[in-house]
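Please read the structure below before turning to the comments.
The values are calculated or read from the model by the stated rules, or taken from the named source; none is laboratory data. Here the structure is a predicted model, which is why all the values come from computation and not from measurement. Positions of Cβ are backbone-derived with ideal geometry, glycine not excepted, and every protein chain shown enters the neighbour counts.
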Amino acid sequence: MRVYRALLRLLPLEFRDRFGRDLEDVFRAQQREAADTGTAGRLGLWLETLSGLLLVAPREHLSILRQDTVLAWRMMRRRPALSIAAVSILAIALGATTAVFSVVNAVILRPLPYPAPERIVVINERDRDGSSTNVSPPMLRALRAEARQLAHVAALVSNSLPMQPGGAPLVDASEVTAGYFEVYGVQPAHGRLLRAAPIGQPQPDEALLTHDYWTRQYAGDPRAVGQRLALARGPAVIVGVLPRDFRRRESSDVYVPLAFTADALRAGMFGATYLDVVGRLAPGAEPAAAQAELAAIAARARAAAGFKAEGRGVFVTRLHDVLIAGHRTTLWLMFGTVTLVLLVAAANVSSLLLVNAVTREEELAIRAALGASAVRLFRQVLTESLVLASLASLGALGVAALVLRPLVARLPPGLPRLNEIGLDWRVLAFAAAAALVLGTLLGLAPAARVSARRLFRLLTTAGRQASSRESAFARRALLALEVAATFVLLVAGVLMTQRFLALQRADLGFSPDNVVTAFVSLPPDRYATPEHQRVFARRLLEETRAIHGATAAGIDCNPPLGFMTMWFGYQFEDRPAPKGDRMSAQFHCVDGRSFAAFGTRILDGRAFDERDGGDTHRVVIINEWMAKRYWPGQSPVGRRIMVITGSGYHPREIVGIASSRRHQGLVEPETAELYVPLADHPSNNLTLAVRVDGARDTAPARVREALARVDPALGVVSINWMSEDVAALLAPYRFQALLMGAFALTALLLSLVCIHGVTTYVVSLRKREMGVRIALGASPGRVTRLVIADALRPIAVGVVLGIAAAVGLSRALRLDLAGLNVATAGTADPLTLALAVAILLVVALGATWIPARRATRVDPLTALRQA
Amino acid sequence: MAKRDPEPFLPLSPAMFHVLVALADGDKHGYAILKDVKRRTEGAVRLSAGTLYAVLKRLLDEDMILETDERPDPALDDERRRYYQLTSFGRQVAIAETERMERAIALARAKQLTVRPRSA
């Protein structure tokens, strides 16, 4: 019988209340009857009873839910303005949250679109200073030959390959070794994959098209397979097309086999770490074990070639972790803040709904008086808020669909997997779950107030007044919560704006304004010798210096923000390398005017001039970082340092100190930089910088014309304003500042509405008291102060809570800013907090002013008579 | 009170129909209804207690039956038991359902879908 009673709990309480005892009676009678029919009969009865209950219980619950929903709908329609306001506020906030969640979902949560993606790893070498570098060709060969923990290892080099004249000048190619597609487990959409030969052997002249390129250039014609791709180095046969969903970090058009020269693979090339290496873990292998194995292989290979292995090693990291590294914190932060906005919105709606709480409760009291049980009413109130939340979540999906595209367009460009962002089942599930949680939260407070005794009390005047006071307390508590969340958002907004402004003002070590840059890649067939390259550079500089408005023009083979790096080693003649130093520097081959053109300051000594270069004048310019690190407190000018260049490994005299430049990005830590005369290290890849003074509109075209005058056959060259490159780097920070600003503003607006609403409500409750005060001679100023002081109390509580939360938040933010020497940005310093408090106070005073003034106009006689 | 139309309730679920039929010849309590249905249908329709009370609730809500205080034989009965009585509306619905089934059977017969007499 106890079991049966427990089973009855499946039924709605109402049903149990009504029929519970009867059900037990019947079951008892049935049991008595079944006792005569033996075990089979008893078992049959249980089976029948259980199946009956399982059938009936959900149906009964559903029918109550249906009734409640209809009732809730009717309630909402009776107060259309309130309902529409509540649903829209929630829909907008939840929509924004859903949109941000769909970004988090696509970038972080959703598995990568490859078979068994968790087995794909990225392999890097560990440099002496602990930093991570790419892999050298001889190391790749050693890893491929010996690694047992990896089923496949492959390398990739992204390159722009010149095409034969007549078509597009360049094609973005990924050169890959054998095994690359096995790592990703990809199958071709048409034709076949590359048949790359083992490393070190001649490679077939084949090309594999990406789906994008195939659609663009061949209009998706399957007959493209078998045609020739006219690469400048020799035509390649198109053997296949990759599937549409094979999208990698590198935005390539074609994949071709990667060929190594014998020279590239010799042991001396262990320093040439330029290969992107990926692998697929063997069945049962873990990244940690693979890392240990590869480190051992790497140490042996280095030792066999006579290299020291100290401090070096190998990193094996899951591809997914590599892709989202650096974005995880940002995205979760973004999600956290939008959730705060949602919280503010929910508190706001809750407060809105409480406006009607008193009248609403009278209705409930009447229903209770007519015999509805407390549980039934509890369920009813909860259903109402769930219906509200469900409607809001439907609206939210619409809002999310609307804002998703503009949001994605404004996301930082470096974010991976942007093309995968969309509304999938996870996003829908999120919206549904959020609606459920929101609905429950919104409903719990009013539902908890449903108790029969309380409700009956409401039918009296005194009871109603007590309830109004309780409701006023609830609204103040909500207001405090809302203010706390708003405060945190304000602090975040102010911090992000400070950070953006600090980065915008940050000293980059060069000055990007009014500088046009042109990247030139000289075709190796026509510029085969250093002399050819030298002549080209000289003529180009002559032509560009003659451009109208040009104040300086120079060449750097490795310009800042050029998205490439050239690390070259250096040594001291007279002392060993300090422990833990990488001993390689960003290498620049420049002409003497390039410092002026890029705006790199010469802090000591001089820039290069015509004397420099060649075997007689071996000179070098180092940056401030090196000068301070290796010659602290003295001038290194005149000292010598060993540097590798195209002409060999020679000691060079330091003739100048240049300002340290941020080479790769705005928040990158400073590092060693070396400059040698362009004449000593000519290159096929050059970046021309032209600083102009006025005539901005025509400058890029003039630069293009100058290039054409030097070599008309060069074709398209990418020409940029350097300030635009900087703006692109600033974009993510600008985006975060704008986003946080928008969130903070939204929260502030909602708080304003809420503060105003609560104050108005409290004033209306205290009308009688105000009347008495005025009758007894209180001045309008005194009444105003009274109301405002009263209204500010929950706000003060909120601010205190907010300060505590903001200090915690700023700790999290500081992590994000590691390595950035921008003072005060990222910490919730007293100034930031004070600013946020000030903004909030102004808004709060504004919001309470109107109801406070209204309180002073209360007519004592009317107020007293009303009560 | 306006006369209610039985039509929207048709066809009745077998359980509802049999409960109405069980009450047609007199008021019964829950367990009696259960036994009556089982006996009349020779065990073909078996209601569990849960199903029975879900049906009774529905019939009560639709005014097809009502709870009654009259005890057929107070001496024999447990006082706690609730008895159910068919209302005139309930009777109308049961009749309407019977007619509906008869019409259906007539239609089927016209198409030679007769039940073959059982061979002895």
In the range B:47-59, how many residues are over 14 Å from residue B:29 (Cβ atoms) and part of a helix (DSSP H, G or I)? 7
Identify the residue in the range B:37-46 that is charged (D, E, K, R) and either assigned to a helix (DSSP H, G or I) or at the interface with another protein chain (Cβ under 7 Å from one of its Cβ atoms) (or both) and, among all such residues, is surrounded by the fewest Cβ atoms within 10 Å (Cβ to Cβ). B:39
Matching entry among A:709, A:691 (being over 15 Å from residue A:550 (Cα atoms), in contact with a helix residue (DSSP H, G or I) (Cβ under 8 Å, 6 or more places away or on another chain) and touching a residue at least 60 places away in the same chain (Cβ under 8 Å)): A:709
Being surrounded by fewer than 17 Cβ atoms within 10 Å (Cβ to Cβ), in a strand (DSSP E or B) and in contact (Cβ under 8 Å) with a residue 60 or more places away in the chain narrows A:151, A:155 down to just A:151
Against the definition (acidic (Asp, Glu), in contact with a Phe, Trp or Tyr (Cβ under 9 Å, 6 or more places away or on another chain), modelled with pLDDT under 85 and surrounded by 14 or more Cβ atoms within 10 Å (Cβ to Cβ)), how does residue A:48 come out, yes or no? no
Filtered residues of the range A:215-263 (kept if within 30 Å of residue A:319 (Cα to Cα), among the hydroxyl-bearing types (Ser, Thr, Tyr), surrounded by 15 or more Cβ atoms within 10 Å (Cβ to Cβ) and modelled with pLDDT of 85 or more): A:255
Tally the residues that are of a type in the set (D, E, K, R) and either modelled with pLDDT of 85 or more or closer than 17 Å to residue A:60 by Cβ (or both), restricting the search to the range B:39-60. 4
Given the conditions (1) within 32 Å of the chain's Cα centre (by Cα); (2) under 15 Å from residue A:259 (Cβ atoms), report the number of the one that residue A:140 does not fulfil. (1)
Can you pull out the residues in the range A:492-539 that are surrounded by fewer than 18 Cβ atoms within 10 Å (Cβ to Cβ), over 33 Å from the mean Cα position of the chain (by Cα) and not acidic (Asp, Glu)? A:523, A:524, A:526, A:528, A:529, A:530, A:532, A:534, A:535, A:538, A:539
Which numbered condition residue A:32 fails, given (1) more than 12 Å from every other protein chain (Cβ to nearest Cβ); (2) over 26 Å from residue A:376 (Cα atoms): (1)
Which residue out of A:765, A:801, A:820 is surrounded by fewer than 19 Cβ atoms within 10 Å (Cβ to Cβ) and modelled with pLDDT of 85 or more? A:801
In this structure, is residue B:32 without any contact (Cβ under 8 Å) to a residue 24 or more places away in the chain, over 24 Å from residue A:54 (Cα atoms) and either crowded, with 18+ Cβ neighbours inside 10 Å or away from chain A (no Cβ under 14 Å) (or both)? no
So which residues in the range A:760-782 are in contact (Cβ under 8 Å) with a residue 40 or more places away in the chain, out of contact with any Asp or Glu (no Cβ under 8 Å at 6 or more places or on another chain) and within 18 Å of residue A:472 (Cβ to Cβ), if there are any at all? A:760, A:761, A:763, A:765, A:766, A:767, A:768, A:770
Filtering strands (runs of 3 or more DSSP E) wholly in the range A:606-670 for at least 1 residues that are among the hydroxyl-bearing types (Ser, Thr, Tyr) and surrounded by 18 or more Cβ atoms within 10 Å (Cβ to Cβ) gives A:640-645
Just one of (1) buried (at least 17 other Cβ atoms within 10 Å of the Cβ); (2) under 23 Å from the mean Cα position of the chain (by Cα) trips up residue A:384, so point out which. (2)
Here is a check on your reading of the model: is residue A:3 in contact with a Gly (Cβ under 6 Å, 6 or more places away or on another chain) and within 14 Å of another protein chain (Cβ to nearest Cβ)? no
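Let's see how each residue does on (1) within 30 Å of residue A:408 (Cβ to Cβ); (2) in a helix (DSSP H, G or I); (3) within 12 Å of chain B (Cβ to nearest Cβ); (4) in contact (Cβ under 8 Å) with a residue 12 or more places away in the chain:
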position: A:42; (1), (2), (3), (4): no, yes, no, no
position: A:51; (1), (2), (3), (4): no, yes, yes, no
position: A:60; (1), (2), (3), (4): no, yes, yes, yes
position: A:65; (1), (2), (3), (4): no, yes, no, yes
position: A:83; (1), (2), (3), (4): no, yes, no, yes
position: A:98; (1), (2), (3), (4): yes, yes, no, yes
Looking at the structure I just gave you, is residue A:19 aromatic (Phe, Trp, Tyr), without any contact (Cβ under 8 Å) to a residue 12 or more places away in the chain and within 10 Å of chain B (Cβ to nearest Cβ)? yes
Kindly evaluate residue A:276 against the criterion of being among the acidic types (Asp, Glu) and either in a helix (DSSP H, G or I) or farther than 18 Å from residue A:155 by Cα (or both). no
